[in-house]
Amino acid sequence: MGNVGQRAFQNARLQKRQKAEVLPLLGHALQLHKMGLFPEAQAAYRQLLQLAPNQFIALHMLGTLESDAKNYQQAELLLSRAVAVDPRSAEAHMSLGVARNGATTSR
């Protein structure tokens with residue numbers, strides 16, 4: 001029983017540390033995106049996803065940037081992951097549909 005409690009405590013500490021590292025990176029990436037610096041925003045989202053692979057906002061925003069750049073296959077992968085993280089997000093489902101539609105019309 002002690003090992004389970006110890007692992008839970010360690011996981012909670014890791015999540016707290018990751019959150020402290022992730023939030024500034026996410027804010028920076030979103031700011032770059034808002035400023036129209038899309039290649040820089042893509043790089044920042046990718047960096048963030050290396051640290052937190054299931055960060056919904058980064059998955060969704062990077063997926064939409066890839067879709068806008070007509071990189072539909074990459075967009076589909078990212079947006080599918082975003083939908084898996086938050087299946088109730090209508091916006092993520094819509095973005096995934098746009099990417100899939102782009103992929104079929106560009107063939």
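Across the chain, C-alpha contacts under 8 Å between residues 6 or more apart give a mean separation that, scaled by the residue count, equals a relative contact order of 18 percent. For the chain, the pair-distance distribution built from all alpha carbon pairs, in bins 5 Å wide starting at 0, is 2, 14, 20, 19, 18, 11, 7, 5, 3, 2, 1, 0 percent. Once the chain from HIS28 to ALA8 is taken as fully extended at 0.36 nm per residue, the excess over their C-alpha distance is 4.2 nm.
Given Cβ point charges of +1 (Lys, Arg) and -1 (Asp, Glu) and nothing else, what value in debye, to the nearest 20, does the dipole of the stretch 22-105 about its Cα centre take? All intermediate terms of the calculation are to be shown ahead of the outcome.
Numbers: 6 positive and 6 negative charges, 11 e Å.
Once rounded to the nearest 20, the dipole reads 60 debye.
Values in this text are rule-based calculations from the coordinates and carry no lab data. Everything quoted here is computed from the prediction, not taken from an experiment. Every residue, glycine as well, gets a Cβ built from its backbone with ideal geometry; the counts of neighbours run over all protein chains shown.
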